[in-house]
1. Note down the Stokes-Einstein diffusion coefficient of the range 1-111 in µm²/s, whole number, using a Kirkwood radius over alpha carbon pairs, 37 °C, and 0.692 mPa s.
2. Please build a GNM for the chain, connecting alpha carbons under 10 Å apart, and tell me which residue among Thr146, Thr219, Thr251 fluctuates the most.
3. Just to be sure I understand: of the beta bridges DSSP finds with both ends in the chain, what percent are antiparallel, rounded to 5?
4. Just add up the charged neighbours of Ser190: K/R +1, D/E -1, any other residue whose Cβ is under 15 Å from the Cβ of Ser190.
5. Roughly what angle does helix 7-17 make with the longest principal axis of the chain, taking Cα atoms, 0 to 90 degrees, to the nearest 10?
6. Going down the list Lys41/Lys153; Lys106/Lys166; Lys8/Lys106; Lys153/Lys285; Lys62/Lys153; Lys153/Lys226, which pairs span over 23 Å between their C-alpha atoms?
7. Per DSSP H run of n ≥ 4, the term is -39500 (n - 2.57); total these for the chain, divide by its residue number, and report the mean residue ellipticity at 222 nm rounded to 500 deg cm²/dmol.
8. Pick from Ala232, Ala247, Ala183: which is most flexible by mean-square fluctuation in a GNM of the chain where alpha carbon atoms under 10 Å apart are linked?
Amino acid sequence: MFVFKTVKELQYFLATVTPSGIGFVPTMGALHQGHISLIEKSQQQNELTVCSIFVNPTQFNKQEDLINYPRNVSADIELLQCLDCDNEEKRVVLFLPSENEIYPKKIEKSYDFGNLSLVMEAQHRPGHFNGVAMVIERFFSIINPTNAYFGEKDFQQLAVVRNLVKQLRLPVQIIGCPIVREANGLAMSSRNERLTPEQKEQAANIYKFLLDAKQQAKTLTVGEVKNNFISAIKNIPVLQLEYLEIADGNTLLSINDWSEINYCVAFVAVFVGNVRLIDNVTLYKD
Ligand code: PAF
């Protein structure tokens with residue numbers, strides 16, 4: 001597998017091989033089956049896939065979170081090498097830039113994503129989506145991908161990236177891919193590496209309670225479904241709910257009554273010890 005550490009090297013390679021389509025899978029490393037599913041989707045749809053590993057400092061609002069973010073590039077490379085990376089019909093290359101390559105100058109950009117940058121993750125992680133938008137805009141300008149792949153676990157991020165592409169009229173198609181879960185239902189996340197086996201078992205309740213909410217949405221009110229979820233989480237001492245929102249899957253505006261919308265998603269952020277996890281489940285979509 002080719003590994004490029006500089007923008008110049010990567011761009012020279014892209015100009016030389018001129019693939020019919022470039023798929024881009026941005027990651028911050030600590031790769032798991034969720035990332036692999038994005039890369040495999042890209043391999044099905046593009047002759048060349050660029051996977052990046054870059055722990056983007058501008059999207060962390062807490063220094064401690066940036067420092068503790070799991071990093072293991074050699075394990076990541078080993079995992080990528082299982083993907084038939086050198087097959088010319090579905091080649092995968094790795095872009096492993098330094099901070100200086102991505103941010104050669106100290107630039108501060110400010111984006112406006114309307115409601116998308118006011119609710120849920122945006123409210124609890126100020127500046128987070130501004131940092132995500134900065135790095136994604138920069139990556140798109142370097143790689144000029146045909147398609148870019150994002151997981152639906154970060155549902156709000158996906159909505160922000162779609163909005164960014166629309167605002168800047170970028171010629172890239174954004175493809176959302178389903179959440180990949182552990183056998184016990186826990187959504188795969190690089191942060192899961194920081195959980196003990198016991199915490200992982202307890203964290204699986206997040207998905208279980210979201211599925212209960214989906215079932216209850218058929219008969220109970222929005223308020224009742226929310227209260228039941230909150231009580232269920234409170235019964236598991238290691239879980240600490242940061243937020244639960246029942247919202248429109250298109251606008252992310254929260255709702256009070258099922259009749260307001262026809263695409264409804266439940267979103268949660270939960271602390272398991274000091275590890276913050278997010279998850280979501282579509283309650284219904286007509
Ligand atoms: O979802 C992530 O891992 C990051 O937010 C992304 C998209 C790689 C940007 O740094």
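The values are calculated or read from the model by the stated rules, or taken from the named source; none is laboratory data. Remember, predicted model here, so these are calculated numbers, not experimental data. Positions of Cβ are backbone-derived with ideal geometry, glycine not excepted, and every protein chain shown enters the neighbour counts. Just so you know, the surface numbers come from the protein's heavy atoms only, side chains and all, with ligands and any DNA or RNA stripped out. Shrake-Rupley method; radii C 1.70, N 1.55, O 1.52, S 1.80 Å.
1. Answer, rounded: 220 µm²/s.
2. Between Thr146, Thr219, Thr251, it is Thr219 that shows the largest mean-square fluctuation.
3. Looking only at bridges with both residues in the chain, the antiparallel portion is about 50 percent.
4. Around Ser190, the surrounding residues sum to +1.
5. 70
6. Where the Cα-Cα span goes over 23 Å, the pairs concerned are Lys106/Lys166.
7. Roughly -11500 deg cm²/dmol at 222 nm, from the helical runs in the chain.
8. Ala183
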